[in-house]
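Below: the structure, in structure tokens.
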Amino acid sequence: MDDTFHITIIGAGLGGLCLAQSLRHAGIRFDVFERDDALDQRAQGYRIRIDAAGQHALSRAWTPEMDSIFHLAVSQATPNARFLDTNLVPVNAQAPDSWQEDGGPHDVSIHRQTLRELLMTGIEDRVHFGQAFEHYESIDDDRLRVALGNETSIETDVLVGADGVNSRVRAQLAPMAAPTTTGAVCIYGKTTPSSRAGLPEGTHVILADGCAAILEDMRFRSDLPSIAQGHGCRLSHVDDYLYWALVGTRWRLGLPDDLSVDARPFLARIAMTWHPTLRDALCDGDGTGIAMLPIRLGRPDVAWPRGRVTLLGDAIHAMSPAGGRGANTALEDAASLAAALARTSGCRDLSSALESYDTAMRARGHEAIAVSQAGTERLSGV
Ligand SMILES: Cc1cc2nc3c(=O)[nH]c(=O)nc-3n(C[C@H](O)[C@H](O)[C@H](O)COP(=O)(O)OP(=O)(O)OC[C@H]3O[C@@H](n4cnc5c(N)ncnc54)[C@H](O)[C@@H]3O)c2cc1C
């Protein structure tokens, strides 16, 4: 253990919080700065599928006790997918290679906010909300000064940009690594559970012409918050829901350039000829909680100068959500960066620790982007 250096993490998303937990586990000093005013200021998404690699990274980040709470917190519904056409007739199709449904440790699905709450446990005093990263500068060869939004700054030994696809850390460190647009869009939301929406329970992949939708039941133990409380972990109650997401090209889906508009008229048009049950599931409610996002691909191939700044997760290797690899790769990054830092024997080794992490992260990110693209093509043909 070496506590002579300090790590600054920008972003309290899944990757940043997993890194923070992993550093805590390794006894390394850190602080996390998050732009949002609170963990629950906005829904950052709904269901998140965690594969074997993501589960392994989490198990290295926290205690076995936390790991068992994580496994109680996952959805109780089976994640195995049924492939259907838009009239709900079964079709022969293959899940993307990245979905692990049989054998080995299979994928589990968890509510994203629940996972973030779990990852906050025990580090509440080290995560600072309402503190947006602005820029950094070198103080000398080794230390950095990081400027935060409200005219505060912090001095640190290593800066990690875990600030997502629009990363400001990346914009300063490696402006050439800005993600590229693909022309594809993801629309997602949640609605009442299958039992009430008229669909059989489980996970359904709907293959349409030039787009695909996934609908997945999320069912949770009602006693989860009280069990977690008994272990010193504060989890909010989450009602069961039916998660859905749709992927296709902007052109095929008939979407405007401005994706901040109300999605419902577009969803109604996309699903106009679909089975009424599907149409109702997608178009249910008042539209709050539906998000439309362009799918962009990160550039982990672009190198940046050797030093004390690095990136993880979507900040450097954003990818299509259809492969279910983005968060898992961010968790793997967090575990491998923490391990590289824990192996150093002091401040003078930090640059080489980051270099070895960067090399492994670039290869992992590159492969995950390729697998996710292949999954997107298999499902939606885009
Ligand atoms: C609909 C959908 C479904 C998905 N499903 C899956 C799935 O099932 N499995 C999977 O593995 N992946 C999935 N993904 C991908 C996954 O969501 C991302 O890959 C993952 O969230 C990346 O984590 P991250 O920590 O790198 O970034 P983020 O989760 O984006 O977190 C970044 C954090 O940084 C903060 N931030 C941003 N700018 C600043 C700043 N200037 N200063 C301070 N803080 C800042 C943000 O507020 C945020 O909290 C899905 C994505 C979508 C859109």
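If you filter segment 121-176 down to residues that are aromatic (F, W, Y) and within 11 Å of the ligand (Cβ to nearest atom), you find that the one that is surrounded by the fewest Cβ atoms within 10 Å (Cβ to Cβ) is F129. If you scan segment 139-158, which residues turn out to be modelled with pLDDT of 95 or more, closer than 21 Å to T4 by Cα and more than 25 Å from the chain's Cα centre (by Cα)? Scanning segment 139-158 gives L144, R145, S153, I154, E155, T156, D157.
Mind checking which residues of segment 75-104 are assigned to a loop (DSSP other than H, G, I, E, B), at pLDDT below 90 and surrounded by 14 or more Cβ atoms within 10 Å (Cβ to Cβ)? The answer is A77, T78, P79, A93, A95, P96, S98, W99, Q100. There is no residue in segment 11-27 that is aliphatic (A, V, I, L, M), more than 6 Å from the ligand (Cβ to nearest atom) and part of a loop (DSSP other than H, G, I, E, B).
Here E355 meets the list (1) within 13 Å of the ligand (Cβ to nearest atom); (2) surrounded by fewer than 18 Cβ atoms within 10 Å (Cβ to Cβ); (3) of a type in the set (D, E) almost entirely, failing just condition (1).
On the basis of being on the phi > 0 side of the Ramachandran plot, without any contact (Cβ under 8 Å) to a residue 40 or more places away in the chain and more than 17 Å from the chain's Cα centre (by Cα), does G346 make the cut? Break it down into steps so the answer makes sense when it comes.
Details: on the phi > 0 side of the Ramachandran plot: yes; without any contact (Cβ under 8 Å) to a residue 40 or more places away in the chain: no; more than 17 Å from the chain's Cα centre (by Cα): yes.
The answer is no for G346.
I need the full set of residues from segment 28-41 which are surrounded by fewer than 21 Cβ atoms within 10 Å (Cβ to Cβ) and near the ligand (Cβ under 8 Å from one of its atoms), in order please. The answer is R35, D36. Counting only residues that are touching a Gly at 6+ places or on another chain (Cβ under 8 Å), near the ligand (Cβ under 9 Å from one of its atoms) and either of a type outside the set (K, R) or part of a loop (DSSP other than H, G, I, E, B) (or both), segment 42-63 holds 3 of them. For segment 201-235, a tally of residues being surrounded by fewer than 22 Cβ atoms within 10 Å (Cβ to Cβ), over 12 Å from L246 (Cα atoms) and β-branched (V, I, T) returns 1. Only one of the listed residues (A374, A334, A363, A338) is farther than 30 Å from A263 by Cβ and surrounded by fewer than 23 Cβ atoms within 10 Å (Cβ to Cβ). That residue is A363. Listed conditions (1) of a type outside the set (K, R); (2) surrounded by fewer than 21 Cβ atoms within 10 Å (Cβ to Cβ); (3) modelled with pLDDT of 95 or more are all met by P179, apart from (2). Taken over segment 28-69, the criterion of being free of Cβ contacts under 8 Å to residues at least 60 places away in the same chain, under 16 Å from the mean Cα position of the chain (by Cα) and closer than 23 Å to H237 by Cα is satisfied by R42, Q55.
Return yes when T63 is farther than 26 Å from Y243 by Cα, of a type in the set (S, T, N, Q) and out of contact with any His (no Cβ under 9 Å at 6 or more places or on another chain) and no when it is not.
Details: farther than 26 Å from Y243 by Cα: yes; of a type in the set (S, T, N, Q): yes; out of contact with any His (no Cβ under 9 Å at 6 or more places or on another chain): no.
No, not satisfied.
I'd like the full set of residues that are outside any loop (DSSP other than H, G, I, E, B) and modelled with pLDDT under 80, limited to segment 366-382.
First, pick out the residues of segment 366-382 that are outside any loop (DSSP other than H, G, I, E, B): 366-380.
Those that are outside any loop (DSSP other than H, G, I, E, B) and modelled with pLDDT under 80: R378, L379, S380.
Could you please let me know if A271 is crowded, with 21+ Cβ neighbours inside 10 Å, more than 28 Å from W62 (Cα to Cα) and touching a Lys or Arg at 6+ places or on another chain (Cβ under 6 Å)? The answer is yes for A271.
The values are calculated or read from the model by the stated rules, or taken from the named source; none is laboratory data. Values in this document were obtained by computation on a predicted structure and should not be read as measured data. Reconstructed Cβ throughout: ideal geometry from the backbone, glycine too, with neighbour counts over all protein chains shown.
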